[in-house]
Amino acid sequence: MQRLSQLAEIGREGRAGAHRPGLSAAEQEACELVAAWLGQEGLEVSWDACGNLYGRLPGSDPAAGEIWAGSHLDTVPNGGRFDGALGVLAALEAVAQLRDVPRTATLCVAVFRDEEGWRFGEGCFGSRCRCGTVTDADLQATDADGVSIGEALAALGYREPLGRGTLPAAFVEVHIEQGPVLERLGLAHAVVTSIAGMSGFTATITGSPGHAGSTPMEGRRDALLAAAELALALRERAARIDGAVVTVGRLAIADAAANVIPGEVTISIDARCPTAEGLEALVDGLGEACSQVASASGCAVTLDPVWRSRPVPMSARVGEAIRQAAATAGLELADLASGGGHDAGILAEAGVESGMLFVRSRNGGVSHRPEELTDEADVATAIKLLAGTLATLGCAG
Ligand SMILES: [Zn+2]
C-alpha cells in the first residue's frame, strides 16, 4: 500500500490523482522505481526493446518455460492509484513470497508499457510489441503535441520494436474490477471468464438546419433530437442482450448556435459484449436502430465503423489454478467478464494461457479517477491468491 502511494506521486504535479502517460518520463520513472524494488527482492531485472520491464525468479528446470504475472504502470490523465499498479505490485509480492517454494518453471513479474492508449490512440502497446503485432504504421501515430510513438521511444532510449519476443507458457494479471459488481455481490475477488469484444462507430445524423424562431416545430428535421432518439434506442437494444453495454460518449453539433436548429450531429458509439454471438447481435441491433430513427425522424443516419476487437476467452487452466488457490484459502470467488481491455487479452490472443483475477473496487466501482479505491484486506488476499495460482502453474511446468 505504501508502494502504491509512492507510485501515485510520480508525475502528479499538483493533481488529485495519478498522472503517468504511456511512454512518458513519468511512466519511465515509475518503471525504474519498480525495477529497483524487483532488484531488492533478488529478482533478475531486464528490459526489452520497447521498455517493458521484467523481474525473473529462475525455476529448477529451464525447459519448463516461464509463468508471468503483472500489468501496467501508465495511467489515464488524473487517474487512480490502483489501475495497473496493483497488478504489478501484487505480482512482485507474490513472486517474492515464492522464492523458497520448490518449482520447475521460472516466475517473472512483467510490466507492460502504455496500456491505457489515450496518448497515441491505441492501448496495450507494450504487450502488443512483445507479441509482435505492432506495425511500422502504428509507430507513426502521434500524440496531441505531434510526438510519434517512435520518437517517444527514442527519447527514452528504446529502439523501435517490431519482432515478436519470447512469450511465457502462462500469464496472470491481477486488476481492480473498475466496476460495481463485486461490491454489490459482497465478494472481494472474481475469476475473469473473458474480455469483452468491442465495436466502435461514428454515427452521423443529418437533418435540416434552420432558424430557431421562424421554423415551426411541425416538420423540423432536428439532427440533435434524432441523435437523442438514437442514443435511447441503443440503450434499449443493449438491454436485450446478456452482458451487452453501449455508450454514446461524444456528441458534436456542426455549426452549433443557440438560435439554429442542429443540421448535423456526429456521435461516438462504443458497443461491448463478452461473447462473439452477443456482440454480433448487438452490432446488428445498432444498424436496425439507425434505420428506425432515420425513418421516424426524416434525418439521414450513417454508421461508420471505427474499430473492432473480438471477445477473448480467458484460459480454463489458469482459471482452475485461481479457483484452487481460493478453495485452499477458503475464499469465495465470483465469475465476471471484463468490459475493459487488458494486456492479458493481448497475450491470450497470441496463444499464451492467460487469466485474470479481479479485486473489488470500492466507491461504487469508480475508476480512471482519483477516487478509485480498493481495500487493503482485499489487496492482501489477492496477493495470497496470486501466489497460490503461480505456485500451481509453476509446479505443473
Ligand atoms: Zn488497467
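Please treat every number below as a calculation from the coordinates, not as lab data. Fair warning: this is a prediction, and the values are worked out from it, not measured in the lab. Using ideal geometry, Cβ is built from the backbone for each residue, glycine included, and neighbour counts are taken over all protein chains shown.
Suppose R0 equals 30 Å. What FRET efficiency, 1/(1 + (r/R0)^6) with r the Cβ-Cβ distance, do residue 212 and residue 239 give to the nearest 0.05? Between residue 212 and residue 239 the formula returns 0.30. Using alpha carbons only, the radius of gyration of the range 276-397 set against its Kirkwood radius gives Rg/Rh = 1.12.
Would the range 43-86 count as rounded, prolate or oblate if I go by the C-alpha gyration tensor, calling it rounded below 1.5 in a/c and otherwise prolate when a/b exceeds b/c, oblate otherwise? Since a/c reaches 1.5 and a/b is larger than b/c, the shape of the range 43-86 is classed as prolate. Within the chain, helices built from complete DSSP H runs that reach 27 Å or longer along their own axis (Cα positions) and carry a mean Kyte-Doolittle hydropathy of 0.5 or higher are 376-396. Place a point 7 Å from the Cα of residue 366 along the Cα-to-Cβ direction; which residues of the range 75-95 have their backbone N under 20 Å from it? Counting only backbone N, you get 75-86.
Annotation: the residues 189, 72, sorted from fewest to most other C-beta atoms within 10 Å of their own C-beta, follow the order 189, 72. Structural descriptor for the range 197-309: relative contact order 45 percent, calculated from alpha carbon pairs under 8 angstrom and at least 6 residues apart. Taking label positions 7 Å along the Cα-Cβ direction at both residue 254 and residue 277, the computed distance is 4.1 nm, reported to one decimal. Can you work out the FRET efficiency for the pair residue 25 and residue 328, with r the C-beta to C-beta distance and R0 = 41 Å, to the nearest 0.05? Using R0 = 41 Å, I get an efficiency of 0.45.
With the highest mean first, a sort of the peptides 384-394, 249-259, 347-357 on other beta-carbon atoms found within 10 angstrom per residue produces 384-394, 347-357, 249-259. Calculated on C-alpha atoms, the gyration radius of the range 197-309 divided by its Kirkwood radius gives an Rg/Rh of 1.03. Protection proxy ranking of 3-9, 336-342, by the mean of other Cβ atoms within 10 Å over each peptide's residues and highest first, is 336-342, 3-9. The translational diffusion coefficient of the range 32-120, from Stokes-Einstein at 10 °C and 1.306 mPa s with a Kirkwood hydrodynamic radius over alpha carbon pairs, comes to 117 µm²/s. For the range 142-236, GluC sites (Glu not before Pro) are listed when DSSP marks them as loop and at most 14 other Cβ atoms sit within 10 Å of their Cβ; the list is 218. On the basis of the beta-carbon distance and an R0 of 30 Å, residue 270 and residue 16 show a calculated FRET efficiency of 0.70.
Based on the convex hull around the alpha carbon atoms, the chain presents an average projected area of 20.8 nm².
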